[in-house]
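Since every read-out is calculated from the coordinates, none of them should be taken as a lab result. Bear in mind the structure is a predicted one, so any value in this text is a computation, not a measurement. When we count neighbours, we look across all protein chains shown, and the Cβ atoms used for this are built from the backbone with ideal geometry, even at glycine.
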Amino acid sequence: MKLSQFTYLLSVVLFCGPIMFLVWKRNAKLLKKHELALLILVAMSIPIALTDWVAIRWGAWEYLPQGSLQIQYGAEVESYFFAIFVTVLVASITLVKASRVDKKLSQKSKLEAFKRRTKRSKHAYARN
C-alpha cells in the first residue's frame, strides 16, 4: 500500500478533524446531552453514503485508484467516513448555535418581563 492511497481519507480527516475537535472541546458538556441524536444521525448518514455507489455506476464521478484505499462496501470506505464526519460536524455546530440562540431568547424574555414588572410597580407607587 502506498502513502498516496490515503489521500482521500487524509483530506477528509484534515478537513473535518480540527474543526470537530475545537467544537467538541469547547462544547463537550452540551453535545454529550445530545449524544443519542448524534448517533442516530450517524446511523442515517451511512445509507446516504451508499448513494455514491449509484453515482459511480451512473458515471457522475469516479475515484482515482491511486488516491483511495480501494476498499468498497457498496461505495468507497472513505465515503462513509466523509458522510459520518460531515454529519456529526454540521449537527454539532447546529446544536451549539441553537443552544446559544435559546439562551439569548431566554435572557431577552426575562429582561422584558423584568421591565414590565418594574413599569407596573412604578405606576402602582405613583398612584399611592
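Observations on the model:
- Computed FRET value (nearest 0.05) for LEU14 with VAL86, which takes r as the C-beta separation and R₀ as 22 Å: 0.95
- As a proxy for reagent exposure, ranking TRP24, TRP58 by other Cβ atoms within 10 Å from fewest up yields TRP58, TRP24.
- Taking other C-beta atoms within 10 Å as the exposure proxy, SER68, SER99 rank SER99, SER68 from fewest upward.
- Using the alpha-carbon positions of the chain, Rg (one decimal) and Dmax (whole number) come out as 24.2, 88 Å.
- Checking the Cα-Cα distances for LYS25/LYS115; LYS32/LYS115; LYS25/LYS104; LYS33/LYS115 against a 26 Å cut-off, the pairs over it are LYS25/LYS115; LYS32/LYS115; LYS33/LYS115.
- Where the alpha-carbon atoms of the stretch 23-62 are placed on the principal axes, they occupy 44, 18, 7 Å, in descending order.
- Rounded tilt (10° steps) of 35-49 against the dominant C-alpha axis of the chain: 40 degrees
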